[in-house]
Amino acid sequence: MGIEWGSHLATGVDWQDSHHRELFKRINRLLDAMAAGYGKEEVARLFNFLDEYFAVHFEAEGQAMERHNYPGAATHAAEHARFIESITRLRKEFDNGPSLKLVISVEREVVDWLLNHVAGMDKKLGNFVKSATGREGAPLKSHP
Ligand SMILES: [Fe+2]
Ligand SMILES: [Fe+2]
C-alpha cells in the first residue's frame, strides 16, 4: 500500500522533483495512519499536512507556468483545481470518521491522480521549463 517514487516520475526540474517526493511522503504518512487506525485528530492533522503541501506545490507550478508563458497552463491549472475539489470531498467524507472505505478512496483518487498527473502533465511542464531555463528550472535572467 502507498505510493512509491521512481526515476520514471522524475521531471528533471529539481524543485519540482523534490516537491513531488515530499508529497509522496506525506501521502504515505496519511495512508499509514489511516490503515493503522489512528485517531481522528491525528488523521486530520496529516490531512492538513498534505493539503498544505499541495497548495504550496500547485502555487509553485502555477508561478513557473506564468513565468515561462507555458502554453498548457490553463489545462494544467484546471487539473489542479479538479484535484483540490476531490480532496475537499474526501475531507468531508472523513468528517464522519476514518474508515476503510476512505483509505481505499484516498488510495484510488489521490495516489492514482498524482501518479498520472506527475507522469503526464508535470513531465511535460518540466520539459518545457528545462528547455527554457536549464536543468534547475532557474529563471531565465540567471542564465544570460
Ligand atoms: Fe506537480
Ligand atoms: Fe501539476
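Out of (1) closer than 21 Å to residue 133 by Cβ; (2) part of a helix (DSSP H, G or I), the odd one out for residue 29 is which?
Condition (1) is where residue 29 drops out.
For (1) more than 30 Å from residue 127 (Cα to Cα); (2) buried (at least 17 other Cβ atoms within 10 Å of the Cβ); (3) in contact (Cβ under 8 Å) with a residue 24 or more places away in the chain; (4) touching a His at 6+ places or on another chain (Cβ under 9 Å), each residue gets a yes or a no:
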{"residue": "40", "(1), (2), (3), (4)": "yes, no, yes, no"}
{"residue": "66", "(1), (2), (3), (4)": "no, no, no, no"}
{"residue": "70", "(1), (2), (3), (4)": "no, yes, yes, yes"}
{"residue": "86", "(1), (2), (3), (4)": "no, no, yes, no"}
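Where residues in the stretch 105-125 are closer than 22 Å to residue 7 by Cα and of a type in the set (Gly, Ala, Ser), which of them is surrounded by the fewest Cβ atoms within 10 Å (Cβ to Cβ)?
Selected residue: 120.
Suppose the filter is among the hydrophobic types (A, V, I, L, M, F, W, C) and closer than 16 Å to residue 116 by Cβ; does residue 47 pass it?
No: the conditions fail for residue 47.
Return the only residue of 9, 46, 23 being touching a residue at least 12 places away in the same chain (Cβ under 8 Å), surrounded by 18 or more Cβ atoms within 10 Å (Cβ to Cβ) and more than 15 Å from ligand 1 (Cβ to nearest atom).
Details: 9 fails: more than 15 Å from ligand 1 (Cβ to nearest atom); 23 fails: more than 15 Å from ligand 1 (Cβ to nearest atom).
On inspection, the qualifying residue turns out to be 46.
Yes or no, residue by residue, for (1) under 21 Å from residue 9 (Cβ atoms); (2) more than 12 Å from the chain's Cα centre (by Cα); (3) aromatic (Phe, Trp, Tyr):
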site	(1), (2), (3)
81	no, no, no
87	yes, no, no
90	no, yes, no
94	no, yes, yes
110	yes, no, no
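Could you go through the stretch 27-36 and let me know if any residue there is under 28 Å from residue 92 (Cα atoms) and polar (S, T, N, Q).
The answer is yes; a qualifying residue exists.
Residues that are at pLDDT below 95, polar (S, T, N, Q), outside any helix (DSSP H, G or I) and farther than 24 Å from residue 6 by Cα: does the stretch 84-104 have at least one?
Looking for residues that are at pLDDT below 95, polar (S, T, N, Q), outside any helix (DSSP H, G or I) and farther than 24 Å from residue 6 by Cα, one finds at least one in the stretch 84-104, hence yes.
Among what's in the stretch 72-83 and is assigned to a helix (DSSP H, G or I) and touching a helix residue (DSSP H, G or I) at 6+ places or on another chain (Cβ under 8 Å), pick the residue that is surrounded by the most Cβ atoms within 10 Å (Cβ to Cβ).
76
Take the residues of the stretch 37-69 that are assigned to a loop (DSSP other than H, G, I, E, B) and at pLDDT below 90: which is nearest to ligand 2 (Cβ to nearest atom)?
This residue is 38.
List pairs: first residue in the stretch 109-120 and free of Cβ contacts under 8 Å to residues at least 40 places away in the same chain, second residue aromatic (Phe, Trp, Tyr) anywhere in the structure, Cβ distance under 7 angstrom, at least six positions apart or on different chains.
From the stretch 109-120, the pairs are 113/83.
The values are calculated or read from the model by the stated rules, or taken from the named source; none is laboratory data. No experiment lies behind these values; they were computed from the predicted model shown. Glycine gets a Cβ as well: all are built from the backbone with ideal geometry, and neighbour counts include every protein chain shown.
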